[in-house]
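To start, the structure itself, in structure tokens.
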Amino acid sequence: MLDTSPIAFPGDPAYDAATGVFNLAGPAHPAAALTATGLADVRAAISHASARGQGVRIHTTGHSAGAATSMTGALLIRPILPGGVEIDPNRRLARIPAGTPWSAVVQAAAPHGLAAPHGTSGTVGAIGYLLHGGVSLYGRKLGLAANHIRSVELITADGHVRCVSAAEDPELFWAIRGGGGGFGVVTAVEIDLFPVTDLIAGAAFWSWEHAEDVVGTWYDWTLHAPDEVSTSLRVMNLPDLPEIPPMLKGGPVVCVAGVALAAACARDLLDPLRKIGEPVLDTWQDCGPEVVPDVHMDPDEPGTFIGDHLLLAEPGREGIAAFLRMTGEGSGSPLIAAELRQLGGRMAVAAPAGGVLNRLDARLAYMGAGVPELRGTPEEIIEHCDKVRAALGPWDTGRTAPGFVKGLDRPRGHLSEADVRAVERVRARVDPDGLFRGDAMPETMIVP
Ligand SMILES: Cc1cc2nc3c(=O)[nH]c(=O)nc-3n(C[C@H](O)[C@H](O)[C@H](O)COP(=O)(O)OP(=O)(O)OC[C@H]3O[C@@H](n4cnc5c(N)ncnc54)[C@H](O)[C@@H]3O)c2cc1C
């Protein structure tokens, strides 16, 4: 008999621990749940579910809970495996066990002068992010984070531990990188790290009187920006909370945040911006990679996050003006943050050995998010998201980045129809009885 963690049921504190989610908009209510702390736990949970005809669901932090389908009747596995992040500085590799947040990877790699392809939040789970493509803060130089996966260790429905890579089951290795889940429980991944020597990162905020000039200057710069720099432009309308710096409260501010892998490249952006007007807060500075997960100042406490996402073609000044009109002062927007994230560079280039999702064919990613505990009802937030969506409609590519879709009702279009079918064939091979079916991200909009 294997020594495994017990499966927990509603009412049990272990159930609450396993089902907790970062995005409270999508509470998890499976029939049973388990925090798996070893491979034996995962295997035992799979056979428990299989014997009862239950579906198996997986989550780590619940950052994507708002977009998850119902877990009713399912067994939820939260894999938190031991061992910690292992760094091989000579081969520039990190082995990341399931359950690891990006902050732990970044802190382990930084003493070696190495950085990881993480996004804007250190609390996001590395594996969930990587499996969904991963739009990194270094993305314009590195491309989608999933392209930097060397191998994936997973336990499939038959209970086997498989290590897939370009050499071992390349078809599954292709499908699992961006295919939307539903293949099994990933227990570890190995990824490439990259050296950083001349890093500058931060966020600068301006009061609304400078918004039009800041946004226009940023946008014009993005048209010819070097790949070394990845930035975002945000309109933020922050609540009066003690943890928010006072100069950022009391009305919308506009923020340019990001990272440059060559400090001089960032100055070409920051110098003209700083001449427009004194930022009310400016954290851009030379730094090491350990600082980067904090520069975007994403929330790190759970909350109810409701929002929307589009991948945009070149919006021109007209599209940028529409974005400002719908999210800034006088718009009546209940959104706490509305963002245009710079894509292009290597993000737009297909990686020859990449997964099914290996590039984003768009100029900017739009994300908007509201928090009903702080401003607006859920209905008002969604209604406003729909208005922004309509205003940005002329530049909507119809595509989406899987990690950014916030709600089940929001359109998705991550993959082409042919790729969706090809991924389905791989799923059917590794999970013939559809045990993990509920974990596969639904495609509500297929792009030809
Ligand atoms: C504040 C915030 C900032 C973000 N910033 C970025 C960003 O900069 N770039 C970006 O690309 N995305 C970003 N995201 C989106 C994030 O990448 C996705 O939400 C991602 O899916 C989170 O992974 P998770 O494991 O933390 O979340 P979870 O909700 O726990 O998991 C999401 C899904 O990942 C899969 N999964 C997780 N763990 C495993 C496992 N061990 N085995 C198999 N499947 C697994 C499951 O299908 C699960 O449903 C952000 C999200 C938030 C809330």
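Values in this text are rule-based calculations from the coordinates and carry no lab data. Being a predicted model, the structure only gives us computed values, none of them experimental. So basically every Cβ, Gly included, is an ideal-geometry build from the backbone, and we count neighbours across all protein chains shown.
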Practice prompt. Give, as ranges by residue number, the residues of the range 40-57 whose backbone N falls under 19 Å from the point 7 Å along Cα→Cβ of Ser70.
Written response: 53-57
Worksheet item: Once the Cβ-Cβ distance between Met247 and Ala350 is put in as r, and R0 is 56 Å, what FRET efficiency do you end up with, to the nearest 0.05?
Response: 0.85
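What is the packing order of peptides 60-68, 405-413, taking the mean over residues of other C-beta atoms within 10 Å and listing the highest first?
Working: 60-68: 22.2, 405-413: 19.1.
So the order, starting with the most tightly packed, is 60-68, 405-413.
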Item to complete: Place a label point 7 angstrom from the Cα of Asp298 along the Cα-to-Cβ direction, then list the residues of the range 360-384 whose backbone nitrogen is under 15 Å away.
Response: 365-370
Practice prompt. At 7 Å along the Cα-to-beta-carbon direction for both Asp409 and Ser47, put a label point, then send me their distance in nm to one decimal.
Written response: 4.4 nm
Response to the item:
With label points set 7 Å from each Cα along the Cα-to-Cβ direction at Asp271 and Asn90, the distance between them in nm comes to 4.3 nm
Fill in: Whether the range 300-412 is rounded, prolate or oblate, judged on the alpha carbon gyration tensor where a/c under 1.5 counts as rounded
oblate
Practice prompt. Subtract the Cα-Cα distance of Asp386 and Asp12 from 0.36 nm times their separation in residues, and report this length gain in nm to one decimal.
Written response: 130.7 nm
Response to the item:
To the nearest 10 degrees, the tilt of helix 263-276 (Cα long axis) against the first principal axis of the alpha carbons of the chain is 50 degrees
Worksheet item: Where does the charge balance sit around Pro272 when Lys and Arg score +1, Asp and Glu -1, over other residues with C-beta under 11 Å from its C-beta?
Response: -1
Item to complete: Calculate the spin-label point distance for Cys163 paired with Leu374, positioning each point 7 Å from the Cα along the beta-carbon direction, and give it in nanometres.
Response: 4.3 nm
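Could you sort 259-271, 111-123, 235-247, 414-426 so that the peptide with the highest average Cβ count within 10 Å comes first and the rest follow in order? Write down the numbers at each step before the final one.
Working: 259-271: 19.2, 111-123: 21.3, 235-247: 13.8, 414-426: 16.7.
Packing order, densest peptide first, comes out as 111-123, 259-271, 414-426, 235-247.
Suppose the chain between Glu212 and His112 were pulled fully straight at 0.36 nm per residue; how much longer would it get relative to their current alpha carbon spacing?
Values: separation 100, 0.36 × 100 = 36.00 nm, distance 4.13 nm.
Taking 0.36 nm per residue and subtracting the Cα distance, the gain is 31.9 nm.
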Response to the item:
Of the listed pairs Lys275/Lys387; Lys141/Lys406; Lys141/Lys275, those with alpha carbons more than 29 Å apart are Lys275/Lys387
Practice prompt. Mind pulling the angle between the C-alpha long axis of helix 316-327 and the longest principal axis of the chain? Nearest 10 degrees, somewhere in 0 to 90.
Written response: 80 degrees
Worksheet item: Just how large is the dipole of the chain about the Cα centre, in debye to the nearest 20, putting +1 at every Lys and Arg Cβ and -1 at every Asp and Glu Cβ?
Response: 880 debye
Fill in: Bins of 20 Å, starting at 0 and running to the largest distance - Cα pair percent for the chain
26, 58, 15, 0
